1. Neighbour counts of other C-beta atoms within 10 Å: give me Leu105, Leu71 arranged from fewest to most.
2. Tally Lys/Arg at +1 and Asp/Glu at -1 over every other residue whose Cβ is under 14 Å from the Cβ of Glu176; what's the total?
3. Local charge sum around Asp204 (other residues, Cβ-Cβ under 14 Å, Lys/Arg +1, Asp/Glu -1)?
4. Does the range 141-224 come out rounded, prolate or oblate by the C-alpha gyration tensor, with a ≥ b ≥ c the root eigenvalues, rounded set by a/c under 1.5 and, if not, prolate when a/b is larger than b/c and oblate if not?
5. Cα extents of the range 48-223 along the three principal axes, largest first, in whole Å?
6. At a 10 Å Cβ-Cβ cut-off, how would you order Leu97, Leu127, fewest neighbours first?
7. When a footprinting reagent is the concern and you count Cβ atoms within 10 Å, what order do Thr122, Thr49 take, fewest first?
8. Using modelled amide H (1.01 Å from N, peptide plane; none on Pro or chain starts), what sits under 5 Å from the amide H of Glu210, excluding residues fewer than 5 places away?
Amino acid sequence: MGMKHTMIFRHFNKIFTPFFILSISAILAIMAISCGKEKKEEAVKKEPTVTIENLKTAYAKEMNRVKMYNLFVERARKDKMKQIEKLYLAIRRSEELHAQRISELLANHGIQPPQPADEKITVGTTLQTLKMALSMEEIEYGSMYPNLIRTADAEKYEDALKQFSNIQDADSKHGELLRYAISQNGKIPVVKYLVCPKCGYIVDIKNVQECPTCKTKISEFEAF
């Protein structure tokens, strides 16, 4: 009986040993392929994309807007239009925050933000600067950022998609504030502007508890 069991064991051993060896080899092969695929996908993610180029473009635009509003602040101050000066200070801070957030996204991809080329800006009267500022903001929230959002969405760059959407919301608010100032010929009432430190959205009304765009608490906002 012992001899018979030994022979049966040897028979099963001959049959299943190659199967186990084959199974282990197959598993190792699958793991190697999977590892190679992950490395390839990781490499692809690090390659430059259209969205990364768009981040560079957006950064340059935001930095130029900061410079533009610096000039407009000076003009409003010279014309003794205190409330327009304050409005420009708030919008300038919003643009600074946009540039900072875009710079952080580029840094996440190991990219140094580009040095923006200077835009030629002609500064007229304060009322003329309001109209110029509105024209710039309308282009950005009306066409520029919607295009960048579509591309980021198509390329699955969620961080850029969110940032572009936040900036579009903030720029739309800039347009609303500028449009009102123009309708009043620059003679706007005293208003306290609150700028969200996270996304740059400007709040100009009371009894708001959080940022309508990113939900940051109003207590953290910067006042102008």
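Read the figures in this text as sums done on the coordinates, not as results from a lab. These figures come from a predicted structure and were not determined experimentally. Positions of Cβ are generated from backbone atoms using ideal geometry, with glycine treated the same way; all protein chains shown enter the neighbour counts.
1. Details: Leu105 21, Leu71 14.
Starting with the residue having the fewest Cβ neighbours, the order is Leu71, Leu105.
2. Numbers: positive: Lys173, Arg179; negative: Glu137, Glu138, Glu140, Asp169, Asp171, Asp204.
Surrounding charge for Glu176 is -4.
3. On the way: positive: Lys86, Arg93, Lys173, Arg179, Lys192, Lys206; negative: Glu176, Glu222.
Summing Lys and Arg as +1 and Asp and Glu as -1 gives +4.
4. It is oblate, given that a/c is not under 1.5 and a/b is not larger than b/c.
5. Extents along the principal axes: 47, 40, 24 Å.
6. Working: Leu97 23, Leu127 15.
Ascending Cβ contact count within 10 Å gives the list Leu127, Leu97.
7. Working: Thr122 8, Thr49 18.
By the 10 Å Cβ count, ascending: Thr122, Thr49.
8. When sequence neighbours closer than 5 places are left aside, the close amide H contacts are Ile218.
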